[in-house]
Amino acid sequence: MVIKLQENRKNKILFWIDVSLLQFGVAKMLQEKLDDELYVIYDLNHHLKKSFKNQNIISFQNEWYFWDHVGETKEPDLKYLKKIEEDYKINLWGVAYTERNFYQYNPFYKFKREEILSIFEQECRFFEQVLDEVNPDFLIIKTTDFHRNYLLTEMCRAKGVKILMLFGSRLGVRASISAQSDTFDHDLDEKKENLVNIQSLEDLDTYLKAEHTFKRNVTSGGMKTPQYKKIMPSITWLTNTVDEEWKEGYDHYGVTRLGAISHYFSYSLKGRLRKMFIDRNLEKTINKHEKFVFFSLALQPERGIEIVAPFYTNQIGVITNIAKSLPVGYKLYVKEHPSMRFRHWRDTSYYKKIMALPNVKLIHPSFNTKILLENCELVITISGSTGLEAALYKKPCIIFADANYSYLPSVYRLRSLEDLPNAIRESLKKEVKLSDVNDFINLLDRNSFPFDIFGFNSKVLERFHTGGFMISNEISMKSLDSFFEEDREIYEMLAEEHIKKINQHKKLEKIIGPK
């Protein structure tokens with residue numbers, strides 16, 4: 001069935017498609033349902049680009065390959081970049097520090113100021129070219145996890161392009177589409193009678209044990225791939241992938257075959273040694289009679305802190321400031337994030353600095369978070385899901401960045417570190433009302449839909465990218481098409497959810513006019 005969304009003019013939809021391939025599947029199904037113009041920017045390296053160059057699954061009006069437009073750095077045009085900041089209301093250095101390749105997490109190359117600004121200039125000129133040529137109505141994209149797709153969304157936002165960003169819900173295997181990850185489009189919320197009715201702690205416990213749990217099928221970097229399955233892809237990578245054109249991408253600056261092999265084995269060994277330190281030194285029990293505030297370390301590098309809370313990336317500094325702000329009768333319990341195993345854990349010196357704080361106890365990553373939530377007096381998080389879990393356990397929370405649950409009355413959104421001592425004292429007096437939790441769960445429920453985005457990402461990694469250990473150099477379009485057909489019902493559902501959002505935007509536009 002073809003759905004016409006607007007009289008007299010086709011909608012123009014721009015896609016950002018990367019190696020996760022999820023938006024490619026959405027585009028395939030939308031093409032069957034909409035009589036609209038589809039455009040695409042591919043974020044694929046030059047090897048994988050060859051597979052998509054002649055694809056005939058989707059008829060895009062025009063396509064661009066991001067890495068064709070970002071090459072050798074030169075002296076940046078500061079006047080142009082200043083105009084970008086003014087026109088799009090973007091702090092470029094703020095964006096630059098969100099990029100894990102530019103700062104702190106790159107073991108192969110140290111970027112100079114001029115190189116970073118030159119890269120930004122090339123990216124901005126390219127994005128402006130695309131946006132001026134297409135003048136899109138909508139951008140369809142997944143959660144922005146690198147500075148380049150984040151920059152595109154912010155430029156689109158400034159130009160009034162409606163953003164349809166797909167991301168995982170805070171509760172269980174559900175997903176949402178919104179203008180920004182981890183937020184609601186409140187002006188599009190179709191307020192309905194509550195379908196979830198939580199009147200007691202027993203009701204809440206039943207709800208949590210049902211389909212809306214925190215279970216997620218998360219994988220990262222091929223950490224779950226057996227060693228024997230890594231041998232052939234590693235040989236292929238060494239012989240076929242690392243060529244001169246591949247090295248021209250700024251995310252590969254400084255990478256050599258020998259350097260990559262050395263780094264992999266070095267970090268694997270460091271990861272094992274760090275885990276031994278963790279097992280020997282981090283607390284595996286707690287004193288349930290002790291009053292404590294619970295802080296869960298955030299995974300790093302990760303979007304939830306690098307992009308969402310860029311001024312709180314120094315978590316040792318955050319922990320120290322919390323410890324300074326506690327009332328005298330309380331301790332701070334800090335728990336390591338279990339998914340840091342995908343990052344080979346943190347350096348032992350990091351843990352030692354936390355353990356050196358006199359009123360802080362560092363908890364082992366395997367310790368049951370539920371026990372901490374049940375026994376703490378207050379939860380503090382930078383932007384993590386433990387803040388929402390706190391409300392579900394009737395515990396107040398302090399959060400350092402905006403999140404979809406920061407609308408809850410029991411959540412204190414901290415705006416300044418100077419306010420932290422007062423925020424802690426105020427929050428310790430707060431009572432979490434089940435009625436507020438019930439309203440929030442219903443808000444989330446009607447603005448999300450059943451979809452295991454983490455599970456589907458893992459499925460793509462398993463089928464096409466060696467479980468995430470190695471990005472493929474080649475993908476058969478026949479195999480890719482078959483892959484989407486296997487789960488046609490799921491991808492059709494995703495297409496319908498995007499269409500629903502498009503229709504909501506069009507309906508609102510008719511009422512209040514374009515923004």
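The values are calculated or read from the model by the stated rules, or taken from the named source; none is laboratory data. Not measured: the values here are computed from a predicted model. Heads up, the Cβs are rebuilt from the backbone with ideal geometry, glycines too, and the neighbour counts pull from every protein chain shown. When the accessible area is computed, the model is the full protein with side chains, heavy atoms only, and any ligands, DNA or RNA have been set aside. Shrake-Rupley method; radii C 1.70, N 1.55, O 1.52, S 1.80 Å.
Taking interchain pairs and intrachain pairs at least six residues apart, which have beta carbon atoms under 6 angstrom, with the first residue in region 352-364 and under 19 Å from HIS337 (Cα atoms) and the second open to solvent by 40 Å² or more (accessible area, probe 1.4 Å) and part of a loop (DSSP other than H, G, I, E, B)? Going by the 6 Å Cβ cut-off, the qualifying pairs are HIS364/LYS284. Out of the residues in region 107-133 that are in contact with a helix residue (DSSP H, G or I) (Cβ under 9 Å, 6 or more places away or on another chain) and outside any helix (DSSP H, G or I), which is nearest to MET340 (Cα to Cα)? Restricting to residues being in contact with a helix residue (DSSP H, G or I) (Cβ under 9 Å, 6 or more places away or on another chain) and outside any helix (DSSP H, G or I), the top hit is PRO107.
Inside region 176-193, can you point out the residues that are hydrophobic (A, V, I, L, M, F, W, C) and crowded, with 21+ Cβ neighbours inside 10 Å? I'd like the intermediate steps shown before the answer.
Residues of region 176-193 hydrophobic (A, V, I, L, M, F, W, C): 177, 179, 184, 188.
Residue satisfying the conditions is ILE177 alone.
A Cβ distance below 7 Å, combined with a sequence gap of six or more or placement on separate chains, defines the contacts here; from region 287-305, residues that are touching a residue at least 24 places away in the same chain (Cβ under 8 Å) and within 19 Å of HIS344 (Cα to Cα) reach residues that are buried (at least 24 other Cβ atoms within 10 Å of the Cβ) and among the polar types (S, T, N, Q) in the pairs SER296/THR381; SER296/THR386.
Any idea which residue in region 366-384 is farthest from ALA298 (Cα to Cα), counting only those that are part of a loop (DSSP other than H, G, I, E, B) and open to solvent by 10 Å² or more (accessible area, probe 1.4 Å)?
Taking region 366-384 first, the residues part of a loop (DSSP other than H, G, I, E, B) are 366-368, 376-377, 382-384.
Okay, now just the ones that are also open to solvent by 10 Å² or more (accessible area, probe 1.4 Å), so 366-368, 377, 383-384.
Working: SER366: 15, PHE367: 16, ASN368: 16, GLU377: 20, SER383: 8, GLY384: 7 Å.
Within region 366-384, the match that is farthest from ALA298 (Cα to Cα) is GLU377.
Against the definition (in contact (Cβ under 8 Å) with a residue 40 or more places away in the chain and either over 25 Å from the mean Cα position of the chain (by Cα) or closer than 22 Å to PHE464 by Cβ (or both)), how does LEU48 come out, yes or no? Here the answer is yes, as LEU48 does meet what is asked.
Looking at ARG113, ARG148 in this structure, which one is open to solvent by 10 Å² or more (accessible area, probe 1.4 Å), over 26 Å from PHE184 (Cα atoms) and of a type in the set (Lys, Arg)?
On the way: ARG148 fails: over 26 Å from PHE184 (Cα atoms).
The unique qualifying residue is ARG113.
Among the numbered conditions (1) surrounded by fewer than 20 Cβ atoms within 10 Å (Cβ to Cβ); (2) assigned to a helix (DSSP H, G or I), tell me where ILE319 comes up short. Among (1) surrounded by fewer than 20 Cβ atoms within 10 Å (Cβ to Cβ); (2) assigned to a helix (DSSP H, G or I), the lone unmet condition for ILE319 is (1).
Do the conditions hold for ALA391, that is, is it of a type in the set (A, V, I, L, M), part of a helix (DSSP H, G or I) and either open to solvent by less than 40 Å² (accessible area, probe 1.4 Å) or in contact with a strand residue (DSSP E or B) (Cβ under 7 Å, 6 or more places away or on another chain) (or both)? Considered against the rule, which asks whether it is of a type in the set (A, V, I, L, M), part of a helix (DSSP H, G or I) and either open to solvent by less than 40 Å² (accessible area, probe 1.4 Å) or in contact with a strand residue (DSSP E or B) (Cβ under 7 Å, 6 or more places away or on another chain) (or both), ALA391 comes out as yes.
Can you confirm whether region 79-87 contains a residue that is open to solvent by less than 30 Å² (accessible area, probe 1.4 Å), at pLDDT 95 or above and hydrophobic (A, V, I, L, M, F, W, C)? Yes, region 79-87 contains a residue that is open to solvent by less than 30 Å² (accessible area, probe 1.4 Å), at pLDDT 95 or above and hydrophobic (A, V, I, L, M, F, W, C).
Of all residues in region 249-278, those that are more than 19 Å from ARG343 (Cβ to Cβ) have Cβ atoms under 9 Å from Cβ atoms of residues that are charged (D, E, K, R) and open to solvent by 70 Å² or more (accessible area, probe 1.4 Å), 6 or more apart or on another chain, in GLY254/LYS110.
Can you run down the residue pairs with Cβ atoms below 8 Å, 6 or more apart or on separate chains, where the first is in region 125-148 and within 21 Å of ASN503 (Cβ to Cβ) and the partner is in a loop (DSSP other than H, G, I, E, B) and open to solvent by less than 10 Å² (accessible area, probe 1.4 Å)? Sorted first by the residue in region 125-148, then by its partner, the pairs are ASP137/ASN11; PHE138/ASN11. Condition first: in a loop (DSSP other than H, G, I, E, B), in contact with a His (Cβ under 7 Å, 6 or more places away or on another chain), in contact (Cβ under 8 Å) with a residue 24 or more places away in the chain and farther than 22 Å from CYS156 by Cβ. Can you find one or more residues in region 32-44 that meet it? For region 32-44, residues in a loop (DSSP other than H, G, I, E, B), in contact with a His (Cβ under 7 Å, 6 or more places away or on another chain), in contact (Cβ under 8 Å) with a residue 24 or more places away in the chain and farther than 22 Å from CYS156 by Cβ: absent.
Answer yes or no as to whether ALA260 is under 30 Å from GLN122 (Cα atoms), modelled with pLDDT of 80 or more and among the small types (Gly, Ala, Ser). Here the answer is no, as ALA260 does not meet what is asked.
What helices (runs of 4 or more DSSP H), lying completely within region 424-515, carry at least 2 residues that are on the phi > 0 side of the Ramachandran plot, open to solvent by 70 Å² or more (accessible area, probe 1.4 Å) and in contact with a strand residue (DSSP E or B) (Cβ under 6 Å, 6 or more places away or on another chain)? It would help to see each step written out before you state the result.
Details: elements: 434-446, 453-464, 477-486, 488-512.
Here the list is empty.
So is LEU164 surrounded by 20 or more Cβ atoms within 10 Å (Cβ to Cβ) and over 21 Å from ALA309 (Cα atoms) or not? Steps first, answer last, please.
Working: surrounded by 20 or more Cβ atoms within 10 Å (Cβ to Cβ): yes; over 21 Å from ALA309 (Cα atoms): yes.
So LEU164 passes the test.
The residue that is nearest to the chain's Cα centre (by Cα), among those in region 80-103 that are outside any loop (DSSP other than H, G, I, E, B) and farther than 13 Å from PHE120 by Cα, is TYR88.
Given the structure, is GLU336 within 17 Å of the chain's Cα centre (by Cα) and either aliphatic (A, V, I, L, M) or closer than 30 Å to GLY168 by Cα (or both)? Explain how you work it out, then say what you get.
Details: within 17 Å of the chain's Cα centre (by Cα): no; either aliphatic (A, V, I, L, M) or closer than 30 Å to GLY168 by Cα (or both): yes.
It is false that GLU336 is within 17 Å of the chain's Cα centre (by Cα) and either aliphatic (A, V, I, L, M) or closer than 30 Å to GLY168 by Cα (or both).
Taken over region 325-339, the residue count meeting the criterion of being more than 12 Å from HIS364 (Cβ to Cβ) and touching a residue at least 12 places away in the same chain (Cβ under 8 Å) is 8.
Only one entry in TRP237, TRP246 is modelled with pLDDT under 70, surrounded by 12 or more Cβ atoms within 10 Å (Cβ to Cβ), aromatic (Phe, Trp, Tyr) and in a helix (DSSP H, G or I), namely TRP237.
Residues in region 14-31 that are touching a residue at least 60 places away in the same chain (Cβ under 8 Å) and outside any loop (DSSP other than H, G, I, E, B): LEU14, PHE15, TRP16, LEU22, GLN23, PHE24, GLY25, VAL26, ALA27, LYS28, MET29, LEU30.
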